[in-house]
Every structure is written in structure tokens, then in C-alpha cells.
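Have a look at the structure below before the remarks.
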Number of protein chains: 2
Amino acid sequence: MVDRIRRIPEATVARLPVYLRSLAELVDEKIATVSSERLAEMAGVNAAKVRKDLSYLGSYGTRGVGYDVEYLLFQMSRELGLTHDWPVAIVGAGNLGQALANYGGFTQRGFPVAVLVDADASKVGQIIHGVRVHHIDELPELSATLGIGIGIIATPASAAQDVADRLVAAGVASILNFAPAVISVPDGTSLRKVDLALELQILSFYQEHRDLESDGAPPHQAPLAPG
Amino acid sequence: MVDRIRRIPEATVARLPVYLRSLAELVDEKIATVSSERLAEMAGVNAAKVRKDLSYLGSYGTRGVGYDVEYLLFQMSRELGLTHDWPVAIVGAGNLGQALANYGGFTQRGFPVAVLVDADASKVGQIIHGVRVHHIDELPELSATLGIGIGIIATPASAAQDVADRLVAAGVASILNFAPAVISVPDGTSLRKVDLALELQILSFYQEHRDLESDGAPPHQAPLAPG
DNA sequence: CTTCGCTTGTGATCATGTGCACGACCGGAG
DNA sequence: CTCCGGTCGTGCACATGATCACAAGCGAAG
Ligand SMILES: NC(=O)c1ccc[n+]([C@@H]2O[C@H](COP(=O)([O-])OP(=O)(O)OC[C@H]3O[C@@H](n4cnc5c(N)ncnc54)[C@H](O)[C@@H]3O)[C@@H](O)[C@H]2O)c1
Ligand SMILES: NC(=O)c1ccc[n+]([C@@H]2O[C@H](COP(=O)([O-])OP(=O)(O)OC[C@H]3O[C@@H](n4cnc5c(N)ncnc54)[C@H](O)[C@@H]3O)[C@@H](O)[C@H]2O)c1
């Protein structure tokens, strides 16, 4: 493969974290090498796809043997940018924002919650899971000081676009949106969304259609989104 | 279009809830008709895609005029199976499970939390947001009695597969998994996942690559996933 | 009744993603 | 040194999805 001409397809990027998790499990089990077949089973995809996906990272496998688990884990972490932490800012210290702040899993995976911000003065000053709530007007300084890389929107939908604009203005170029609203960001900013109601409605669709006709509505394994 | 030969593409199904939300906003604003262009802008997609997506539902538009908002909303709700409620069971009454139960948005959109179940005896009997926590062994009866249509997994990853198996055994054919684990379900069962750490890692990838090279890494608007 | 501007519905084309099949290559055995 | 079982890397064909472009059809105006 010609080095550096590889632009990794979006669909592949979305699967890398799944492989990463599988590799982490293998490390825990002290397994040194793994075949594409085994990895495919763990990740819930097919083996050819695993090989093609991994080939975008480089030729890290050994024919007849498989992949060295630790080496592949390292290379993948590097590619995903997980060799350093990404401090996160959560906007909206309500029900959801607090639950996320209380969850230890993010810090553990390299995404420490560095700060919470809210527009409601009565929330400012509260300490949640060791993190102080600041006023949203302080976002630009906080962002610079703490090196915020990712912003999470956990406000009502009506405020989501405004919050996104503020995050972008504060230099945050990666946003994860939990509010059920379509928001737009300038080029050069990444935006992903998590919409629980939408997921339930999709499930509703397939369920309803299974119930109606007893035909072969495709058993629906979630694709990732490039999504 | 030949009626009933329409099998709606997965990518389209994943966008229908977004159109639905847009239509609901238009109803609130008392707007009677809408063009594909306007709807596209609200949903954050392009107009041709809107028209093609809607055409799978049938020919509900009027050339030269647009779509009747209320009529389209009704047809879409029907197609998505939202003309009736889908009682939900949340498995795992921990941090996340409780936050979800406390969130009113689901009931409002037709997905009432009918029951919480947990394996931890000390949680059983608690009332959260008016919903009682039951032991997971009671799942089969609860499912039948309450007419559970969708199960939400909010347990640690290690328990996710077991919980999924129990849900399937209890007759729940649609599952939304929040645990960071790959789980498998039999044909005829729908499975979708929401993995926050995975979303953050994807953002990390694009951010890192923007930082490294200053090239045109595609501004990344989340696709849905059938994700 | 005819014309005209507007918007839908859809065939055609292009882009992306998936899966198969097989040659390339490795390491160990004889 | 040669052979051989095993696994990777990838070219190719197919499936799905996105986008374009335009004829068809509607409603209003004259
Ligand atoms: N709670 C859940 O389980 C859940 C589940 C799915 C989706 N959501 C979505 O997540 C979002 C938050 O939900 P929630 O339950 O935490 O709501 P919430 O009302 O409890 O909290 C919202 C917080 O945002 C703050 N806020 C409002 N406007 C703001 C602004 N302009 N700038 C900064 N902060 C602002 C409010 O002060 C409040 O603290 C909503 O969009 C909701 O639809 C929540
Ligand atoms: N809390 C968050 O914000 C958050 C965010 C992202 C992902 N998650 C994921 O969601 C899941 C739950 O997170 P949490 O913070 O609520 O954890 P938690 O430990 O607070 O709650 C887990 C609950 O599941 C119950 N449980 C364990 N095994 C069970 C079984 N076999 N059957 C039924 N119930 C069982 C436990 O008794 C506990 O009440 C985890 O997989 C976590 O990674 C949580």
C-alpha cells in the first residue's frame, strides 16, 4: 500500500472503536495474537471487512499467523488519536448532563469531564462528581485554559443551536449533540448526534412492520453511523 | 408507484423520525403546507433526498404546491408505528437507567417507561419517577402483562448478552443497548446500540487528523446509523 | 381554455460500502 | 531445501445510498 494516500472511509472509522474494545479484551485475557476471523466474531462483523478495515491502517498483520494484539492496539489508538486525553466540556447541567458527569467510563477511556457549564445562575458553583459548574459566558476562557477538545450539548433542543455556536466560537471543533434538534456547524467542525427518541422510533418501525406482515423484514443490526 | 412493493431502505427509515420532528414543529407554527426544500432545510439534508424518501411512503405531495403538513405527519406516524404507545422496559436501575426513567421525553413521544428491572435485590421495590423496580426474574410475566414492546439495556457490559437473551426469551423483539458490548440476537429481533464512548472516539479521530494535516478532512455530519 | 410558474416524483448516474475469491506470503515440518 | 496448512491483503463484482436533472402535473391568472 502506498503510504499516506490512505484516506480512511467513514464506515471504517466508525468500526475502529469496536475493534479497539475487542483488542482491549484480548489484552486482558493475555492473548498475544488474533486472526481476522476471531476479531470479526468479537466485533460482530465479517472477517473480510475486518481485514479490509485494518489494511487502511497499514499492513500490520502476518500472513499465516494473524495480528499481534498489543501492536495493533497501539497503532489503532494512535490512529484514533487516543494516545492523549481529550478534555470534554458538558453544556447543560440538568438531568442528563449530571448523569454523564457522574459516569466514570469517559475519564477511563481518555475523555475526562473537565468542566460543566450552564446558563442557569442557580446551577453555577455546584460541584458534580468533583467538577464545578461554570456560567456559559466563561466558555471561551475555560476552553482555552483547560484545552477543551470536545463539547457535549445536553441542553433543551431550543438552546442547542445557540450552544453549538458558542462552542464553535470558543474554539471547540468537535461536538456531540444529545438534544433532539438539527443543528449546523461550519466546515471544519465535526458534529455527531445521539438521539434516543429517534432510536426508539426506528425500532418501532421495524417492530410494527414485523407485526403487520409476517414477511422477512430484515433483522436489524444497528449500523454505526457514520452514524 | 406500485403499491406495496415498496420496501423502505434502511437509510430512509433512519431519517423519517427527523422529518417527523420537523413536521411537528410546522404544525406548532400553524403552517399548512411545506415544500421539500423547506423540509430539507429543517431536517439538515438535501431536497432531492427528502422527495425520494417521502415517495417511499406514497405520493402524498402535490406538484406545484408541496406537502400537506398534517396529512404527511399522519401518514408518517402510521408508517413508523407511532399511532399507539410502545411500553418500554429498562433493564438496570443504576445511574443511567434511573436518568432515563426520570426523563419525561420518552413518554411524551409514545414510549412510556412501564417498568424497571434489576438483578440487585436492594434496588427492587424502589419507586423511580413513579415506576417500580422489579426483579429481572419477573421479566416474562411483566412483559406479557404490560405489553412491553421495547427493552433498554442499561447494565454493565458484562451482563449485556445475558440480559438480551432474557429479553428475547420474554418475547421482547426490539432492543436498545447502552452497554459498550457487542451482543447478538436471533433473527426477527431488532437491535440498535448507543455507545457514547464510541462516538467520542470517532470525534477524536477526525479532530486528530484535522490537527495533524491541515487538509480537507471532511466536516463530519453524523449520518444516522442505521446507527 | 390556455398559459405559465412552481414543485413533485423518478430514471439515470455516480459514490460509497460490502463480500467473495484468490494470490501472496509466513512459519513450521520433513 | 521443499512442501504445506494457514492467514493476510486486495482486486473485482455486487448492493446500497446519494445526487442530479427533468418531464409530469397542479393551480392560479388571464
Ligand atoms: N435526561 C435524559 O435521559 C435524556 C434522554 C434523551 C435526551 N435528552 C435530551 O437531553 C437534553 C437535556 O435533557 P435534560 O433532561 O438534562 O434536561 P434538563 O432540563 O434537566 O437540563 C437542561 C439544562 O440545560 C440548561 N440550559 C438551558 N438553556 C441553556 C443554554 N442556552 N446554555 C446553557 N445551558 C442551558 C438548563 O439550565 C438545565 O440545567 C434535552 O434536549 C433532552 O431532550 C435527555
Ligand atoms: N451512566 C452513564 O452516563 C453512561 C454513559 C454511557 C454508557 N453507560 C453504560 O450504561 C451501562 C449502565 O451504566 P450505569 O452508570 O447505569 O451503571 P450502574 O452500575 O450505575 O448500573 C448498572 C445497574 O445494572 C444492574 N445489573 C447488573 N447486572 C445485571 C443483570 N444481570 N441484570 C439486571 N440488572 C443488572 C446493577 O444492579 C445496577 O443497578 C453501562 O454499561 C455503562 O457503560 C452509562
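Across segment A:161-209, which residue is surrounded by the fewest Cβ atoms within 10 Å (Cβ to Cβ) among those that are of a type in the set (Asp, Glu) and touching a helix residue (DSSP H, G or I) at 6+ places or on another chain (Cβ under 8 Å)?
So in segment A:161-209, the residues of a type in the set (Asp, Glu) come out as A:162, A:165, A:187, A:195, A:199, A:208.
Now restrict to residues that are touching a helix residue (DSSP H, G or I) at 6+ places or on another chain (Cβ under 8 Å): A:195, A:208.
Numbers: A:ASP195: 22, A:GLU208: 20.
Among them, the one singled out is A:GLU208.
Just one of A:VAL69, A:VAL45, A:VAL88 is out of contact with any Asp or Glu (no Cβ under 7 Å at 6 or more places or on another chain), under 30 Å from A:ALA157 (Cα atoms) and surrounded by 14 or more Cβ atoms within 10 Å (Cβ to Cβ); which is it? Step through it out loud before you land on a result.
Numbers: A:VAL69 fails: under 30 Å from A:ALA157 (Cα atoms); A:VAL45 fails: under 30 Å from A:ALA157 (Cα atoms).
Result of the check over A:VAL69, A:VAL45, A:VAL88: A:VAL88.
Taking segment A:150-179 as the search range and keeping residues that are small (Gly, Ala, Ser) and in a strand (DSSP E or B), which one is farthest from B:LEU203 (Cα to Cα)? Break it down into steps so the answer makes sense when it comes.
Applying the first criterion (small (Gly, Ala, Ser)) to segment A:150-179 yields A:151, A:154, A:157-160, A:164, A:169-171, A:173-174, A:179.
Checking the rest, the ones that are also in a strand (DSSP E or B) come to A:151, A:174.
Numbers: A:GLY151: 10, A:SER174: 6 Å.
By that ranking, first place goes to A:GLY151.
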Review point. Only one residue in A:VAL27, A:VAL65, A:VAL18 is at pLDDT 95 or above, over 20 Å from B:ASP195 (Cα atoms), out of contact with any Ser or Thr (no Cβ under 9 Å at 6 or more places or on another chain) and of a type in the set (Val, Ile, Thr), so which one is that?
Key: A:VAL27
Exercise for review: Quick one: B:ILE150 ticks every box in (1) within 16 Å of ligand 1 (Cβ to nearest atom); (2) within 20 Å of A:GLU199 (Cβ to Cβ); (3) without any contact (Cβ under 8 Å) to a residue 40 or more places away in the chain except a single one, so which number is it?
Suggested key: (3)
Study note, to complete from the structure: B:PHE74: passes all of (1) within 14 Å of chain A (Cβ to nearest Cβ); (2) closer than 20 Å to B:ARG15 by Cα; (3) more than 16 Å from DNA strand D (Cβ to nearest atom) but (1)
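Run down B:THR107, B:THR62 and say which single residue is out of contact with any Gly (no Cβ under 9 Å at 6 or more places or on another chain) and either charged (D, E, K, R) or assigned by TED's automatic domain parsing to the domain that holds B:LEU39 (or both). Working first, answer last.
On the way: B:THR107 fails: either charged (D, E, K, R) or assigned by TED's automatic domain parsing to the domain that holds B:LEU39 (or both).
After applying the criteria, what remains is B:THR62.
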Practice item. Within segment A:167-180, identify whether any single residue is more than 24 Å from A:GLU138 (Cα to Cα), in the same structural domain as A:ALA99 (by TED's automatic domain parsing) and not basic (Lys, Arg), and answer yes or no. Key: yes
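With the condition kept exactly as written, say whether any residue in segment A:151-172 is under 16 Å from the mean Cα position of the chain (by Cα) and of a type in the set (Lys, Arg). If you could, list the steps in order and put the result at the bottom.
Here is the first cut: in segment A:151-172, the residues under 16 Å from the mean Cα position of the chain (by Cα) are A:151-154, A:172.
Going one step further and asking which of them are of a type in the set (Lys, Arg), we end up with none.
No; the residues of segment A:151-172 include none that is under 16 Å from the mean Cα position of the chain (by Cα) and of a type in the set (Lys, Arg).
Restricting to segment B:180-203, give me the number of residues that are within 16 Å of ligand 1 (Cβ to nearest atom) and either part of a loop (DSSP other than H, G, I, E, B) or touching a strand residue (DSSP E or B) at 6+ places or on another chain (Cβ under 7 Å) (or both). Before the answer, list the steps.
The first filter runs over segment B:180-203 and keeps only residues within 16 Å of ligand 1 (Cβ to nearest atom), leaving B:192-196, B:199.
Of the ones still in play, those that are also either part of a loop (DSSP other than H, G, I, E, B) or touching a strand residue (DSSP E or B) at 6+ places or on another chain (Cβ under 7 Å) (or both) are B:192-195, B:199.
Matching residues across segment B:180-203 total 5.
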Check your understanding: What's the number of the condition A:THR12 fails, among (1) within 12 Å of another protein chain (Cβ to nearest Cβ); (2) within 16 Å of ligand 2 (Cβ to nearest atom)?
Key -> (2)
Review point. What pairs come up if the first residue lies in segment B:39-58 and is in contact (Cβ under 8 Å) with a residue 40 or more places away in the chain, the second is within 16 Å of ligand 1 (Cβ to nearest atom) and polar (S, T, N, Q), and their beta carbons are under 9 Å apart, counting only those six or more places apart or on different chains?
Key: none
Exercise for review: Residues being surrounded by fewer than 20 Cβ atoms within 10 Å (Cβ to Cβ), under 24 Å from the mean Cα position of the chain (by Cα) and not in a helix (DSSP H, G or I): count how many of those fall in segment B:132-143.
Suggested key: 1
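So in segment A:144-160, with the set limited to residues that are within 14 Å of chain B (Cβ to nearest Cβ) and under 11 Å from A:ALA170 (Cβ atoms), which one is surrounded by the most Cβ atoms within 10 Å (Cβ to Cβ)? Show your work before the answer.
Within segment A:144-160, the subset within 14 Å of chain B (Cβ to nearest Cβ) is A:147-158, A:160.
Then keep just the ones that are under 11 Å from A:ALA170 (Cβ atoms); that gives A:148, A:151.
Details: A:ILE148: 22, A:GLY151: 27.
The residue in question is A:GLY151.
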Review point. Which of the residues that make up segment B:14-42 are crowded, with 19+ Cβ neighbours inside 10 Å and more than 17 Å from B:LEU73 (Cβ to Cβ)?
Key: B:ALA14
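The values are calculated or read from the model by the stated rules, or taken from the named source; none is laboratory data. Quick caveat: nothing in here was measured; it's all calculated off a predicted structure. All Cβ positions, even for glycine, are placed from backbone atoms using ideal geometry, and neighbour counts span all protein chains on display.
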